[in-house]
Each structure stands twice: as C-alpha cells, then as structure tokens.
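Report on the following structure.
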Amino acid sequence: MKHSISPWTASGMKDNNAQFEPRIRSFLENIVEDKPRHALFLNMLSMLEHLGSRKIMLSQMNRVMSQGTLQHLSEEARHAYFFKRHAERVAGKTLHGWNDENTMARLPAAMYFGRLDAAITRKVGADNAYGWVSLIIELRACWLYAIYQDVLEKSSDHMSLKSLLAEEDRHLTEMFDICGGDHYILKDLSAHETKLFEKLLEHLEKHLVNNKKAA
C-alpha cells in the first residue's frame with residue numbers, strides 16, 4: 001500500500017536521532033583512518049547484516065517464499081559479504097567469523113539486534129515481525145550508511161556504499177508499503193530502537209576512548 005508521507009516523517013526517526021549524528025560522525029571520522037579499528041567495525045556491520053539475513057530466513061522458512069522476499073534475503077546476505085570482504089581488505093588478513101577479537105562491540109551489537117527483534121515480536125506478533133523488524137532496521141541502516149558514505153568520501157578509504165544504500169533504500173520503501181500504515185506503532189518501535197542504538201553507540205565510543213588510552 002502506498003503512503004502519502006515518507007517513512008522518515010511517519011517514524012520521526014531523523015528528528016529523534018539528530019542529536020546522535022555529530023557523535024556517530026565523529027566516531028566514523030576517527031576510525032576510517034585507523035585500519036585495524038576500521039576492520040573491526042566493518043566486521044561488526046557484516047555480522048549485523050548476517051543477523052538480518054538470518055532473521056528473514058528463519059522467520060519465513062515455513063512460508064511460501066515470494067520472489068521479493070528471496071531477493072531481500074539474498075541482498076542482505078550479500079551486504080554481509082560486502083562488509084566482510086572490505087573488513088579483510090582493510091585488515092590485510094582473513095577474519096574468520098565474528099568473535100571478540102575481530103569484531104568491534106560484538107556482544108553489544110548482537111544484543112542490540114536480539115533485543116530489538118524480541119521487542120518488535122512482542123509488540124506486533126511473530127507473524128508480522130519480519131516486516132516490522134526489517135522496516136525499523138532499514139531506517140537505521142539508511143541513516144547510518146548515508147553518514148558513513150559522506151565520511152568515506154572525505155577520507156583516504158575509497159570504499160563506496162552507494163549501491164548498497166540504494167538497495168537498503170528500496171528495502172525501506174518496500175517494508176514501509178507493507179507495514180507503515182500504523183504510524184503510532186511505527187513511531188513507538190522507532191523510538192525503542194533509538195534507545196537501543198544509543199546504548200550500542202556508547203559501546204562504540206568506549207572502544208574508541210579505550211584504544212586511545214592504550215596507545
């Protein structure tokens with residue numbers, strides 16, 4: 001179903017997250033020029049994209065998989081590969097899986113996703129969780145990757161997120177068409193996700209501060 005307003009307006013996400021943009025921009029500007037830490041962050045993004053693709057697969061495995069759902073699944077898995085490939089390029093070595101040694105804030109990032117998934121499932125029910133989880137996650141991904149792309153363009157790392165951003169934006173539009181009619185629920189879930197993201201951001205900032213002290 002098409003909607004007369006954008007998912008950003010309906011969710012209030014950009015307004016609620018304006019306070020965090022300087023912080024995440026500062027964090028990204030610090031790590032993109034530090035290859036070891038940048039690799040850890042990229043591997044964290046790979047893990048989160050993998051968790052997203054896994055969520056789609058597990059939640060839809062007992063249903064008739066549509067072409068659109070399969071495309072969404074394949075693209076999220078490819079995004080996990082994209083970030084893993086660049087993490088290993090930046091690290092100059094193979095990063096096997098996702099563990100505490102090769103993944104920035106591995107446990108907090110996994111907890112962010114798990115708690116968000118659980119909260120949304122409780123709110124909308126298991127049958128509707130795939131669409132709503134995807135919608136809320138796509139809002140965060142598009143917000144974060146747009147800032148990341150801007151930082152990368154001004155850095156010495158020439159990695160581009162433009163094609164990935166285009167796919168995430170399309171996913172956002174598709175999920176909003178499916179789930180975005182209830183603006184009250186959307187605002188509520190987006191606000192809850194923002195609280196979880198703030199906790200994850202705090203862990204990322206601590207990683208930055210702790211590594212500076214160690215240096």
For residue 101: the one exception among (1) of a type outside the set (Ser, Thr, Tyr); (2) within 22 Å of residue 82 (Cα to Cα); (3) crowded, with 16+ Cβ neighbours inside 10 Å: (3)
Select, from 172, 164, the only residue that is over 14 Å from residue 45 (Cα atoms) and either of a type outside the set (Asp, Glu) or in contact with a Pro (Cβ under 8 Å, 6 or more places away or on another chain) (or both). 172
When you scan segment 193-215, do you find a residue that is within 25 Å of residue 32 (Cβ to Cβ), in a loop (DSSP other than H, G, I, E, B), modelled with pLDDT under 95 and not aromatic (Phe, Trp, Tyr), even just one? yes
Starting from segment 84-107, keep only residues that are closer than 18 Å to residue 200 by Cα and touching a residue at least 60 places away in the same chain (Cβ under 8 Å), then list their pairs with residues that are surrounded by 20 or more Cβ atoms within 10 Å (Cβ to Cβ) and among the aromatic types (Phe, Trp, Tyr) whose Cβ atoms are within a distance under 7 Å, requiring at least 6 positions of separation or different chains. 104/41; 106/98
Residue 81 being in contact with a helix residue (DSSP H, G or I) (Cβ under 9 Å, 6 or more places away or on another chain), of a type in the set (Phe, Trp, Tyr), without any contact (Cβ under 8 Å) to a residue 40 or more places away in the chain and surrounded by 15 or more Cβ atoms within 10 Å (Cβ to Cβ): no
Counting only residues in segment 109-143 that are more than 21 Å from residue 42 (Cα to Cα) and of a type in the set (Asp, Glu), the one surrounded by the fewest Cβ atoms within 10 Å (Cβ to Cβ) is identified as 127
Restrict the check to segment 146-168 and report whether at least one residue is polar (S, T, N, Q), in contact with a Leu (Cβ under 8 Å, 6 or more places away or on another chain) and crowded, with 20+ Cβ neighbours inside 10 Å. no
Could you list, in sequence order, all residues of segment 166-198 that are within 14 Å of residue 140 (Cα to Cα), among the charged types (D, E, K, R) and in contact (Cβ under 8 Å) with a residue 12 or more places away in the chain? 167, 168, 169, 187, 193, 198
Residues that are more than 21 Å from residue 177 (Cβ to Cβ), surrounded by fewer than 18 Cβ atoms within 10 Å (Cβ to Cβ), of a type outside the set (Val, Ile, Thr) and in contact (Cβ under 8 Å) with a residue 24 or more places away in the chain: does segment 60-71 have at least one? no
All but one of (1) free of Cβ contacts under 8 Å to residues at least 40 places away in the same chain; (2) under 18 Å from the mean Cα position of the chain (by Cα) hold for residue 158, so report the exception by its number. (2)
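The values are calculated or read from the model by the stated rules, or taken from the named source; none is laboratory data. Keep in mind that what you see is a predicted model, and the values were worked out from it rather than measured. Quick reminder, even Gly has a Cβ in these numbers, built from the backbone with ideal geometry, and neighbours come from all protein chains shown.
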